[in-house]
Amino acid sequence: MGIVKNLFMPNAYVKSVFEIDIKKLAETGVKGIITDLDNTLVGWDVKEPTKRIKEWFAEARQLGITITIVSNNNEERVSNFSSNLNVDYIFKARKPMGRAFKKAITHMNIKASETVVIGDQMLTDVFGGNRNDLYTIMVVPVKRTDGFITKFNRLIEKRLLNHFRKKGYIKWEEN
């Protein structure tokens, strides 16, 4: 189970992106964030960034951190949301495959060691980030509802979380 822990265990777990100390990330040398969109930044059915999300992105920008949204969703969804924030994006990313993560890092012109991945799914965001030796932060999903494939992923994720909890690897509780 050690390999499973290394691949699926996030480096950190928070209730929302707003609990992430962006200033601390910048101070530790983080120059780029790869973030998921749906149920990470906003609910999967929220079309535009909230005021609070806009402020979060602005704070990162002020601290010299570049953000790229990397989503498995379609171009229209990801493009419309990202354009409101004036950030780059990758749609139909096929996470957890590594190509989108590498493309985002290259496009941000940073090193993997300067990159953080933020997402709400262990089987896509965390697994993809960990496979690419990136620092991963998992957030509690913004909404409890998901699409069909994500519902399946959540069942596996729940088993992994329960296992990690029983082994004492994690201390957090779900919402």
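Taking ASP45 as the residue in question, decide whether it is closer than 24 Å to LYS143 by Cα, touching an Asp or Glu at 6+ places or on another chain (Cβ under 8 Å) and among the acidic types (Asp, Glu).
On the way: closer than 24 Å to LYS143 by Cα: yes; touching an Asp or Glu at 6+ places or on another chain (Cβ under 8 Å): no; among the acidic types (Asp, Glu): yes.
Spelling it out, it is not the case that ASP45 is closer than 24 Å to LYS143 by Cα, touching an Asp or Glu at 6+ places or on another chain (Cβ under 8 Å) and among the acidic types (Asp, Glu).
Does GLU173 satisfy being at pLDDT below 95, open to solvent by 20 Å² or more (accessible area, probe 1.4 Å) and of a type in the set (Asp, Glu)? Give the derivation first.
On the way: at pLDDT below 95: yes; open to solvent by 20 Å² or more (accessible area, probe 1.4 Å): yes; of a type in the set (Asp, Glu): yes.
Yes, satisfied.
Taking first residues from region 67-79 that are basic (Lys, Arg) and partners that are assigned to a strand (DSSP E or B) and at pLDDT below 95, the Cβ contacts under 9 Å between residues at least 6 apart in sequence or on separate chains come to ARG77/ASP38. Name the residue that is nearest to the chain's Cα centre (by Cα), counting only residues in region 21-64 that are of a type in the set (Ser, Thr, Tyr) and surrounded by 14 or more Cβ atoms within 10 Å (Cβ to Cβ). Applying the filter and picking the extreme gives THR35. Inside region 65-115, residues that are touching a helix residue (DSSP H, G or I) at 6+ places or on another chain (Cβ under 8 Å), open to solvent by 30 Å² or more (accessible area, probe 1.4 Å), charged (D, E, K, R) and at negative phi make up a count of 2. The one condition from (1) open to solvent by 20 Å² or more (accessible area, probe 1.4 Å); (2) within 27 Å of ASN80 (Cα to Cα); (3) in contact with a Gly (Cβ under 9 Å, 6 or more places away or on another chain); (4) of a type in the set (S, T, N, Q) that ASN11 does not meet is (2). Would it be correct to say that SER113 is closer than 23 Å to TRP44 by Cα, of a type in the set (S, T, N, Q) and modelled with pLDDT of 95 or more? Taking the combined requirement at face value, the residue does not satisfy it.
Would you please name the residue that is nearest to the chain's Cα centre (by Cα), looking only at residues in region 1-20 that are among the small types (Gly, Ala, Ser) and modelled with pLDDT under 95?
Residues of region 1-20 that are among the small types (Gly, Ala, Ser), as a first pass: 2, 12, 16.
Going one step further and asking which of them are modelled with pLDDT under 95, we end up with 2, 12.
Numbers: GLY2: 23, ALA12: 11 Å.
In this case the residue turns out to be ALA12.
The values are calculated or read from the model by the stated rules, or taken from the named source; none is laboratory data. What you see is a predicted model; the values in this text were computed from it and never measured. Methodologically, a virtual Cβ is constructed for each residue, glycine included, from the backbone with ideal geometry; neighbour enumeration extends over all protein chains shown. In case anyone asks, the SASA skips ligands and DNA or RNA and just uses the protein heavy atoms, side chains included. Shrake-Rupley method; radii C 1.70, N 1.55, O 1.52, S 1.80 Å.
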